[in-house]
Amino acid sequence: MASQLDVPLHGSSVNIVRQCGSALSDVIQSKFGCVAIIDGVDFEGDPSIAQQRRPTVVPKKKCEFTLHAGVKVSVWKADLTNFPVEAVVNAANERLQHYGGLASALSLAGGPQIQQQSDDHTRVHGNLKTGDAIVTDAGSLPCCKIIHAVGPQLFAHHSKNDVYNAEPLLEKAIRSILDRVKENRLNTVAIPAISSGLFHYPLPQCADTIVRTVKRYYERSSGHHPKEIMLVNNDDPSVNEMEKACAQILGSRAPVTYSQATAGGGSKGSANTSALTAQIENVHVTLKTGCIEDQWTDVIVNTVYNRDLNQGLISKALLQKAGSGMQKEMYAASKNGNVIITKPYNLQCKEVYHTSCTDKYQIATQQTLYNSVLECLAKAQAKGYKSIAFPAIGTGGLGFNKKDAAWTMSAAVKEYAKKLPYKMDVYFVIFPSDDETFKAFEEQMKQLKQKASHPSSTHESERRDDFHGSRAPPPQITLKGSSDAATREAERWLQGLLFGSSGAVVICNNFIQHFGEEEHRQLSRLMKKAVSIEELFEIGRASIIVHGGLNEDVVVAGLQVEAMLCNIQRKFITEEESAMFQISRQDVSFERKMISYSNPEYSARTIDFTSKGLDVVKMEKVENATLKMLFDLKKNQLGCSTSQKMFQCIPAQFCEMVAHIGFHAEYAPPDDPACGEGIYFARTVTKAMEVWKQPDEYLHFVEAEVVTGNSCPGKRGLILPPAVGTDPQILHDSVSGGPDISVIFSGYQALPKYIITCKRYRREFP
């Protein structure tokens with residue numbers, strides 16, 4: 001059952017999270033399978049995290065260039081969660097877990113479908129590699145697709161050489177994005193400053209690399225070309241660097257600004273060259289110029305006199321772009337109230353609301369206009385839509401006075417805003433050359449803004465802000481996991497790290513032995529930041545101790561080490577998968593199936609644990625056809641027809657690894673490796689608790705089938721079983737440490753069957 005816990009942040013913990021939110025989220029996901037959502041922390045200089053919580057930014061084009069291939073490249077300041085474009089690029093991680101920064105913002109705004117499709121992709125195809133990009137649907141976002149791209153990740157304390165080595169990977173990521181644009185025949189795509197935030201890629205070099213790669217791609221690429229590549233960020237530093245990079249790389253002349261680009265478009269004045277906005281309760285109202293048929297909102301509203309879309313300028317424009325299918329549906333659709341709903345066809349929305357503003361005598365009145373706007377908003381709310389675009393209804397053939405129409409539509413929106421329970425964007429879209437209508441609506445927008453900021457309403461506004469949560473949330477980390485065990489273990493670890501370190505962080509993990517030259521260089525760089533790092537290997541266990549003067553520096557360095565270990569473990573999985581494929585010739589896929597309380601498999605196993613003072617809180621069955629094949633091959637090789645049921649007790653972070661690639665000595669070194677340096681198993685739960693003395697509230701047992709074959713007593717220091725006789729080529733199959741302990745030296749001699757998560761009772765039974 002899904003679980004959620006909040007961990008409040010205070011004191012130095014806020015600054016720790018500010019410095020290494022990326023590493024923290026990655027480690028929590030890797031160790032405990034939990035998503036960590038960071039709230040209330042001002043990530044200065046980290047725009048991809050800031051995107052997660054920043055309020056909607058009114059889109060503003062800063063400059064535009066045209067490449068030789070005819071592709072436009074533009075720079076925008078805008079919010080990617082609400083940006084009108086065919087595809088938005090997400091700065092993803094290799095596992096497509098959208099738990100931080102822009103990824104979290106897009107996933108939260110787009111709904112659970114985005115994470116679900118991402119999980120489906122990794123389950124079938126495995127993790128992405130740095131430089132890869134894949135496409136999923138966009139859920140409830142205003143775009144059609146999301147392109148998830150994995151840029152290179154650097155440590156916070158990186159060197160110039162690290163950036164130099166990462167540059168080809170960032171170039172590859174941008175090329176992969178543009179490849180997906182070509183394959184999906186997309187016309188517009190919004191690309192943020194990938195890798196510059198959570199992944200610590202320096203912003204100036206990031207902007208240069210992105211712009212240069214786009215330019216080179218379309219100098220060499222044939223086939224489908226998009227209309228526009230939009231470089232979109234919501235923070236000024238990123239926008240400024242993108243603008244500078246475009247000016248330097250795409251042309252020697254100064255970039256064309258948006259106001260310059262639109263000034264010559266036939267508009268009589270400059271008043272309608274930029275959008276005006278007002279906030280009314282939960283409704284964000286935007287007045288803008290444009291063509292209604294080009295809007296990228298959930299709903300586009302049309303005004304009709306009857307069902308013939310060839311009557312009226314707005315209807316004709318929508319019909320021309322949507323196609324004849326809309327007219328056919330209009331004739332067949334049922335009418336509910338003043339609105340007929342049709343599919344969008346070729347329009348970039350989810351539905352079209354065709355509203356009639358005439359009463360039963362076919363007379364257009366302000367009351368029917370008012371009711372029509374309210375009805376459109378109500379229908380949009382009923383379907384959970386978050387954006388709707390209205391034209392200036394009735395100002396054409398129906399003959400409404402422009403000021404009356406503007407007042408009536410604004411009044412309806414203001415009235416509906418009082419009862420709207422969530423945030424919605426409402427757009428009034430005025431045809432570019434219709435200055436008179438724009439000015440009428442502009443007047444109403446100014447009045448709306450004045451009323452919203454009137455002193456008499458300040459107290460009430462603050463009270464509503466508190467209720468709806470629009471004020472900045474207090475600093476905290478929200479942990480979301482698949483079970484109480486997962487979130488509580490993550491909470492315990494996080495609390496101990498942030499608030500209980502006392503100047504030292506101790507990390508015990510035998511994958512430290514896999515550190516290579518690059519990892520040791522990173523450790524050396526961390527040691528230059530006022531901390532000391534000590535590597536230890538004692539009694540078969542590897543550990544790193546980070547200590548120093550300021551506890552804050554120690555914790556930040558400790559998190560960087562934990563992140564390094566997560567990367568090492570991911571590389572280990574990839575290498576082991578490759579080795580398994582070489583033997584089995586089949587791709588590795590696995591499943592952890594939850595066993596219900598009523599299942600006989602569950603009740604048959606719980607007695608092993610409840611009699612030892614443990615409460616079984618979760619039982620999962622492991623299914624991995626590749627591991628089963630390799631286990632059977634090993635049994636045949638050893639000439640064994642039987643196996644034994646045995647147990648191992650492992651940390652939470654290795655449960656997924658054991659289901660994925662089987663058993664390895666790094667997961668669960670015993671407290672005393674008296675029988676050698678192999679993979680230990682206990683015949684009983686009692687013996688397992690003796691071999692692995694873990695103080696944690698939750699314990700994770702793996703029940704396995706183990707082939708011991710021809711065994712002999714073990715001894716310290718063995719890295720292979722002893723020879724059977726005088727021939728050193730003929731070895732025993734395993735060693736033992738008495739009747740209840742077996743040690744194997746090949747992971748293929750054991751097959752994980754069940755992962756059983758237990759919670760300690762307050763007392764143990766004899």
Using beta carbons and a limit of 6 Å, which pairs, at least six apart or on different chains, have the first residue in region 623-640 and over 11 Å from Gln749 (Cβ atoms) and the second one part of a loop (DSSP other than H, G, I, E, B)?
Asn624/Phe590; Thr626/Gln586; Thr626/Val588; Leu627/Gly662
Of the residues in region 634-649, how many are surrounded by 20 or more Cβ atoms within 10 Å (Cβ to Cβ) and either under 17 Å from Glu703 (Cα atoms) or not basic (Lys, Arg) (or both)?
4
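Taking region 125-143 as the region of interest, how many residues are at negative phi and either modelled with pLDDT under 85 or of a type in the set (S, T, N, Q) (or both)?
In the first step, residues of region 125-143 are kept if they are at negative phi; the result is 125, 127-130, 132-138, 140-143.
Now narrow it down to the ones that are either modelled with pLDDT under 85 or of a type in the set (S, T, N, Q) (or both): 127, 130, 136, 140-142.
Residues meeting the conditions: 6.
Is it true that Ala704 is of a type in the set (A, V, I, L, M, F, W, C), loosely packed, with under 15 Cβ neighbours inside 10 Å and touching a Leu at 6+ places or on another chain (Cβ under 7 Å)? Reasoning before the result, please.
On the way: of a type in the set (A, V, I, L, M, F, W, C): yes; loosely packed, with under 15 Cβ neighbours inside 10 Å: no; touching a Leu at 6+ places or on another chain (Cβ under 7 Å): yes.
Answer is no for this residue.
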Filter region 184-207 for residues that are of a type outside the set (S, T, N, Q), outside any loop (DSSP other than H, G, I, E, B) and under 20 Å from Val150 (Cβ atoms) and give the result.
Val189, Ala190, Ile191, Leu203, Cys206, Ala207
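Hey, any hits in region 53-64 for a residue that's of a type in the set (S, T, N, Q), outside the structural domain of Asn233 (by TED's automatic domain parsing) and either touching a His at 6+ places or on another chain (Cβ under 9 Å) or at pLDDT below 80 (or both)?
Kept after step one, since they are of a type in the set (S, T, N, Q), are these residues of region 53-64: 56.
Checking which are outside the structural domain of Asn233 (by TED's automatic domain parsing) leaves us with none.
No.
Okay, residues lined up against (1) outside the structural domain of His284 (by TED's automatic domain parsing); (2) buried (at least 18 other Cβ atoms within 10 Å of the Cβ); (3) assigned to a loop (DSSP other than H, G, I, E, B):
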| residue | (1), (2), (3) |
| --- | --- |
| Phe390 | no, yes, no |
| Gly394 | no, yes, yes |
| Ala405 | no, yes, no |
| Ala411 | no, no, no |
| Lys419 | no, no, yes |
| Tyr422 | no, no, yes |
| Tyr427 | no, yes, no |
| Pro432 | no, no, yes |
| Phe438 | no, yes, no |
Apart from one, (1) free of Cβ contacts under 8 Å to residues at least 12 places away in the same chain; (2) more than 17 Å from Asn282 (Cα to Cα) all hold for Ala317; the odd one out is (1)
For Glu677, only one of the following conditions fails: (1) in a loop (DSSP other than H, G, I, E, B); (2) buried (at least 18 other Cβ atoms within 10 Å of the Cβ); (3) not β-branched (Val, Ile, Thr). What is its number?
(2)
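This table checks each residue for (1) of a type outside the set (Ser, Thr, Tyr); (2) under 20 Å from Cys758 (Cα atoms); (3) not in a strand (DSSP E or B).
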{"residue": "Met564", "(1), (2), (3)": "yes, no, yes"}
{"residue": "Lys612", "(1), (2), (3)": "yes, yes, yes"}
{"residue": "Asp615", "(1), (2), (3)": "yes, yes, no"}
{"residue": "Val622", "(1), (2), (3)": "yes, yes, no"}
So is Val658 in a strand (DSSP E or B), in contact with a strand residue (DSSP E or B) (Cβ under 6 Å, 6 or more places away or on another chain) and crowded, with 20+ Cβ neighbours inside 10 Å or not?
no
Can you tell me which residue within region 341-356, out of those that are within 20 Å of Ser387 (Cβ to Cβ) and touching a Ser or Thr at 6+ places or on another chain (Cβ under 8 Å), is surrounded by the fewest Cβ atoms within 10 Å (Cβ to Cβ)?
Glu351
Out of all the residues in region 306-340, which are more than 22 Å from Leu377 (Cα to Cα), of a type in the set (Ser, Thr, Tyr) and either crowded, with 20+ Cβ neighbours inside 10 Å or more than 39 Å from the chain's Cα centre (by Cα) (or both)?
Tyr331
Between Arg95, Arg123, which is among the charged types (D, E, K, R), outside the structural domain of Val299 (by TED's automatic domain parsing) and within 23 Å of Ser196 (Cα to Cα)?
Arg95
Give all pairs with beta carbons closer than 8 Å in which a residue from region 367-378 that is in the same structural domain as Ala417 (by TED's automatic domain parsing) meets a residue that is in a helix (DSSP H, G or I) and hydroxyl-bearing (Ser, Thr, Tyr); count only pairs at least 6 apart in sequence or on separate chains.
Leu369/Thr408; Tyr370/Thr408; Val373/Thr408; Val373/Tyr416; Leu374/Tyr416; Leu377/Tyr416; Ala378/Tyr416
Going through Val73, Val88 one at a time, which residue ends up being closer than 27 Å to Leu287 by Cβ, modelled with pLDDT of 90 or more and assigned to a strand (DSSP E or B)?
Val88
Considering each of Arg760, Arg716, Arg683 in turn, give the residue that is of a type in the set (D, E, K, R) and modelled with pLDDT of 95 or more.
Arg683
Quick check on Asp740: is it of a type in the set (Asp, Glu), surrounded by fewer than 21 Cβ atoms within 10 Å (Cβ to Cβ) and either under 30 Å from Ile507 (Cβ atoms) or touching a Cys at 6+ places or on another chain (Cβ under 6 Å) (or both)?
no
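The values are calculated or read from the model by the stated rules, or taken from the named source; none is laboratory data. Being a predicted model, the structure only gives us computed values, none of them experimental. Positions of Cβ are generated from backbone atoms using ideal geometry, with glycine treated the same way; all protein chains shown enter the neighbour counts.
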